[in-house]
Structures are given as C-alpha cells and as structure tokens.
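Asks: Let me begin by handing over the structure; questions about it come next.
The values are calculated or read from the model by the stated rules, or taken from the named source; none is laboratory data. Computed from a prediction, not measured in an experiment: that's the story for all the values here. Cβ placement follows ideal geometry from the backbone for every residue including glycine, while neighbour counts extend to all protein chains displayed. The accessibility values were calculated without ligands, DNA or RNA, using every heavy atom of the protein model including side chains. Shrake-Rupley method; radii C 1.70, N 1.55, O 1.52, S 1.80 Å.
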Protein chains: 2
Amino acid sequence: MEELDALLHQPLRTQLVAYLAAAGELTFSDLKRQLDVSDGNLDAHLKKLLAADYVAVRKESGKGRPQSFFVLTPTGLAALHAYVQQLQKLLPLGEASPAPDAGLITGLAG
Amino acid sequence: MEELDALLHQPLRTQLVAYLAAAGELTFSDLKRQLDVSDGNLDAHLKKLLAADYVAVRKESGKGRPQSFFVLTPTGLAALHAYVQQLQKLLPLGEASPAPDAGLITGLAG
DNA sequence: GTATTTAACTCTGATTTGCAGAGTTTATTG
DNA sequence: CAATAAACTCTGCAAATCAGAGTTAAATAC
C-alpha cells in the first residue's frame, strides 16, 4: 500500500506547494503574506522543500532589495501530482467514486 | 482564509479516518494491520481523535478477548467533509476546476 | 485448575517536527 | 553618512510523532 507523501501532507506545505503550482513563481514575501506565517517558520518549510528538490530558488540582486523567487521543480510537480492521486484513492474527492467496492462517506447531509 | 484541519491533515490520521468512514467500524487490531503502525503510535493518534470527539469507542468484553471498536462521530464525519472541501478548493482534485480564475497544475504529463 | 502463551491494548521516554522571535545583511531614505 | 526598513536566516523552545516496554485478560496446554 502506498502512503501519503509526508513532505506534502502537512498544512503549510500543502498550501505552499499548491500556491506555487498555481502562481508559477512567488517570492519569500509573497508566500509569507499568503500563508500568514512567521519568517522562521516559512524559512524552515522552504528549506525542507529545497532539500527534497521539490522547489528551487532564483535569487535576484542588483535592482532593488535582493529577493528570492521560488518555483516548483519538475520533481516537485510530479510529487504533487502523485500526492493528489493518493488523496483521490483515499478520499471521496471529486464526483467519481474512488473505489468500486465502497461508496465512501455518504449520508453526511442528513 | 480557511486553513486545513491539522488534526486530519496528517498522514496516519487521514488514512485512519478515511478507513473508518469507509468501513463504519474497525477494531484496534484492524487499524493496526491496515495502517501497518506500532501499537503506541496508533494509540496516540486514536487518543487525539477521541479527545476531539472525531471518533468514539465501544468496548466489548465477555465473549472473546476484550476489544475496542472505533467509529467516526457525527462531528468527525462533518470535519472530514469540511476537510475534503478545503482540499478541493486548494488542489485540482476530481474533474472540475477548483477556481474560476486558475487552471491549476496543468502541463504535468509532458 | 493452574501455568504458559498470546492478543489487545496503554504508558513512557526519546526523536523529530513545527514554530516564533532575535539576529544579519542589504537597500533605501533623510 | 546615519537611520530605517525590507528580506531573509539562525537558534532554541514547545509540541507532535513514534517505537518498544509494560499491563491486563483470554485462550491453550498440561
């Protein structure tokens, strides 16, 4: 049985990676604002994603203050894709039933 | 902005709750086998879910060894439902686009 | 019917993760 | 050039995660 990617399956990192996937490229400050997180915390999570080669940095200096631009790497994008597949197998996401043998999580509305 | 439920957004607990939702009721040993996890670890996670009233126990003794049967409570089921909604907003799950302004995470296959 | 084994938990302590704020560096403003 | 502020980075503490030792109770052997 496959397990959920622990690197992605964490509140802050899931959002972070989702934002990067949507936006393509974001600065440290962009992420800090969007995630509403402390500097140190964001730094720690980015370091993990960098270490795993899920994201990459492009540092720009010269014009204006130095800034770091973060992007998803192909590795990170593939991991995200796999992660989403895992979630779909596990949970009743989207409209289709995830498994043929079970109609998971129904009868909620009542 | 709403955040992901930290109690549910954790590898073991997400799976645990998904299994409970699918099966309706599982014993400690069932969960241990399915999740392939140590006794202590499973106990700790169950305690958290019990403390949050996401799951409930029914303890049976008398016939055979004493066993604990775990179920999702209505609270837990509602939390799971809300959690899935959050994921759908954040990630491109299912077939439908999550947001009108972005076609998230495309161009993966190439 | 008592001793031994084994399933079903539960508790404890160690490791890892997550977090916030202090510290550092570099540009901009007066 | 001094002061301010943005953009990070580092350090240490608090909480979460985990594995295995310990406990209780039923089943099996004798």
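Asks: Checking buried surface per residue: for the stretch A:72-92, which residues lose a minimum of 20 Å² accessible area in the protein assembly relative to the chain alone (1.4 Å probe)?
Replies: So the qualifying set is A:LEU77, A:LEU80, A:HIS81, A:VAL84, A:LEU87, A:GLN88, A:LEU90, A:LEU91.
Asks: What does the buried accessible surface come to for A and B, summed over both chains, with the probe at 1.4 Å? Round to 100 Å². Walk me through the numbers on the way to the answer.
Replies: Working: alone 7330 and 7340 Å², together 11910 Å².
Counting protein atoms only, the buried area is about 2800 Å².
Asks: Distances from A:ASP43 to the same residue in each other copy, label points 7 Å out along Cα→Cβ, in nm, shortest first?
Replies: Reported distances to equivalent positions: 3.9 nm.
Asks: Measuring with a 1.4 Å probe in the full set of protein chains, what accessible area per residue, in whole Å², belongs to the stretch A:11-90?
Replies: 51
Asks: For B:VAL55, which sequence-distant residues (separation of 5 or more, or a different chain) have an amide H within less than 5 Å of its own amide H, given hydrogens modelled in the peptide plane?
Replies: B:LEU50, B:THR73
Asks: Hey, another quick one. Taking θ as phi - 60°, what are the ³J(HN,Hα) couplings along the stretch A:40-56 by the Karplus curve (6.51, -1.76, 1.60), each to the nearest whole Hz, with x for Gly and Pro?
Replies: x, 5, 4, 4, 4, 5, 4, 4, 4, 5, 5, 4, 8, 6, 8, 10, 10
Asks: For A:ARG58 and B:PHE28, what does the FRET efficiency come to when R0 = 41 Å and r is the distance between their Cβ atoms, rounded to the nearest 0.05?
Replies: E between A:ARG58 and B:PHE28, to the nearest 0.05, is 0.25.
Asks: With a sphere of radius 13 Å drawn around the Cβ of B:GLN15, what net charge do the other residues whose Cβ falls strictly inside it have (Lys, Arg +1; Asp, Glu -1)?
Replies: -1
Asks: Below 21 Å, Cα to Cα, which lysines can B:LYS59 reach? Residues fewer than 8 away in the same chain don't count.
Replies: B:LYS32, B:LYS47, B:LYS48
Asks: Going 7 Å from Cα along the Cα-Cβ axis for the label, what nanometre distances separate B:LYS89 from the same residue across the other copies?
Replies: Here the equivalent label points are 2.8 nm apart from this one.
Asks: Using a 7 Å offset from Cα along the direction of the beta-carbon, what are the separations from A:PHE28 to the same position in each other copy, nm, ascending?
Replies: 4.8
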